[in-house]
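Data block below; observations after.
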Amino acid sequence: MKFYKRIITLTITLFWAYLIIACGNKMPLPSVEANPESFGANDTSYIHINPDWDAATLGYTSENPFTPVDIKIGPDDYIFVADSANNRIVTLFMSGFVAQQNNLNSIEPIERPSGLAINETLNLLIVNGTNKVFAWNQYLNTVDIESVLLGEEDDGTRTDDPTVIDSLLKVYTLFEDDSLTDASFNSIAYGSADDNSIYVTYKKYNRILELELQQSALAELTNGRTHPIFTAKWKRDVATEGTGAGTVDNPKGMTTDANGNIYFTQLGGNFLVQKLEHSGSSFSPGYTLYEDPIMDLNRFKGPFDIALGENDAIFVLDTADSGKVTKYHNKGLMAGTKADLGNIGLSQARFPGARSIAISSEEVVYIANTRLNRIDRYQYTVSEEELPDDEQR
């Protein structure tokens, strides 16, 4: 069933790509590199997709070189890329075109963005190594706002001031740590869908903070619906400085799963890749030294990012290890052990200087190949026979 689903998806993708090209766009169709000499039947690998996405391929014009440092994929399959050197967030279609509609091409300015997160309500969060968390709402940029109710719903103030409405469509400050102006938030993630939590890595003071979202206004739409506007406040420290399991030392990448478990990487301490299991109101280490290989000492050199794939499989981008990508099981009896990436493609590729990894629902792996100013892509496949006929060679 999964095989046919992929074939149907591929057929639709090629059809739309053909229409776009037929209308005059010169963007080439992506192709899949396969080596039949090393890729046999029933192999499982992540195969390199051509072309790599650099500025020229994307048709992306910018003052400075395209510098992707973080990638997140939204629930509607838009790809959000933090372009650090150009102080903006670039939005891409899965087909590799830059999105222009609904202000998706104007998520700026945001000085040197370093981390992104987006949830099911299309609220994009941004951090940039400062003491602030920023937000931009994709949904509000697709609808017409009639008025805004400021404050509590029962006794708030209603306004249709165009200046106020316009401010909701732009990047705004969701949270600011006034007590520590030299704080440095570098990555961010949402909690589970049934709570109002977000998590930020606090590099300078080696913390993972939990912030609580609070409604501060209500956008009243012309279609009769409403949409909440949030700010955030500090709730607690989830993890603090240390060298053992469950502690933090120079954190880098972070993500969460549907249950609110936190996964993060760091460059210090003894355990450079960790899972914090969310149980009730507390967190505890999800893997154990000497029991789970992912916790082996010296297993990683300098992991910069972490992402989750199918069945919450853990993908780690170890930039200090020449940009090597490894994969780990995260469920069942094999949880915490290394998973097979296949014999070719992603398993053999190296990305020195890369900063981010993301996995789509179709098991496409995206690498922010920062040093080379591009995004590399790898498609999961079980054999060469599953590739398009015109790409088998």
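The values are calculated or read from the model by the stated rules, or taken from the named source; none is laboratory data. It should be emphasised that the depicted structure is a prediction, and the values quoted were computed from it without experimental measurement. Note that each Cβ is placed from the backbone with ideal geometry, even for glycine, and that neighbours are counted across all protein chains shown.
Okay, here's what the table says:
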| read-out | value |
| --- | --- |
| Exclusive hit being aromatic (Phe, Trp, Tyr), in contact (Cβ under 8 Å) with a residue 60 or more places away in the chain and closer than 22 Å to Arg236 by Cβ, set Phe264, Phe283 | Phe264 |
| Failed condition for Leu272, given (1) more than 20 Å from the chain's Cα centre (by Cα); (2) on the phi < 0 side of the Ramachandran plot | (1) |
| Qualifying residue in region 274-287 (condition: basic (Lys, Arg) and in contact with a helix residue (DSSP H, G or I) (Cβ under 9 Å, 6 or more places away or on another chain)) | yes |
| Failed condition for Leu180, given (1) over 21 Å from Leu276 (Cβ atoms); (2) aliphatic (A, V, I, L, M); (3) at pLDDT below 90; (4) in contact with a strand residue (DSSP E or B) (Cβ under 8 Å, 6 or more places away or on another chain) | (4) |
| Output for region 170-191, where each listed residue is of a type outside the set (D, E, K, R) and assigned to a strand (DSSP E or B) | Tyr172, Thr173, Leu174, Phe175, Phe185, Asn186, Ser187, Ile188, Ala189, Tyr190 |
| Failed item, numbered, when Phe66 is tested on (1) surrounded by 15 or more Cβ atoms within 10 Å (Cβ to Cβ); (2) in contact with an Asp or Glu (Cβ under 8 Å, 6 or more places away or on another chain); (3) under 26 Å from Asp166 (Cβ atoms) | (3) |
| Residue among Tyr190, Tyr172, Tyr205, Tyr199 that is more than 21 Å from the chain's Cα centre (by Cα) and not acidic (Asp, Glu) | Tyr205 |
| Any hit, region 214-230, residues being assigned to a loop (DSSP other than H, G, I, E, B), over 20 Å from Lys132 (Cβ atoms) and of a type in the set (Lys, Arg) | yes |
| Where Thr337 falls short, out of the listed (1) touching a residue at least 60 places away in the same chain (Cβ under 8 Å); (2) more than 24 Å from His48 (Cβ to Cβ); (3) surrounded by fewer than 20 Cβ atoms within 10 Å (Cβ to Cβ) | (1) |
| Conditions (1) out of contact with any Lys or Arg (no Cβ under 9 Å at 6 or more places or on another chain); (2) hydroxyl-bearing (Ser, Thr, Tyr); (3) touching a residue at least 60 places away in the same chain (Cβ under 8 Å); number of the one not met by Thr163 | (3) |
| Filter result for Asn105 (farther than 25 Å from Ile79 by Cβ and either at pLDDT below 95 or within 23 Å of the chain's Cα centre (by Cα) (or both)) | no |
| Condition check for Phe283: crowded, with 23+ Cβ neighbours inside 10 Å, closer than 18 Å to Leu209 by Cβ, among the hydrophobic types (A, V, I, L, M, F, W, C) and touching a Gly at 6+ places or on another chain (Cβ under 9 Å) | no |
| Where Val143 falls short, out of the listed (1) over 25 Å from Leu211 (Cβ atoms); (2) part of a strand (DSSP E or B); (3) touching a Leu at 6+ places or on another chain (Cβ under 7 Å) | (2) |
| Residues of region 210-224 that turn out to be on the phi < 0 side of the Ramachandran plot and free of Cβ contacts under 8 Å to residues at least 60 places away in the same chain, as a count | 5 |
| Qualifying positions in region 105-129 - in contact with a strand residue (DSSP E or B) (Cβ under 7 Å, 6 or more places away or on another chain), of a type outside the set (A, V, I, L, M, F, W, C) and surrounded by 16 or more Cβ atoms within 10 Å (Cβ to Cβ) | Glu108, Pro113, Ser114, Gly115, Asn119, Asn123, Gly129 |
| Residue within region 371-390 that is of a type in the set (A, V, I, L, M), free of Cβ contacts under 8 Å to residues at least 60 places away in the same chain and within 20 Å of Gly115 (Cβ to Cβ) present | no |
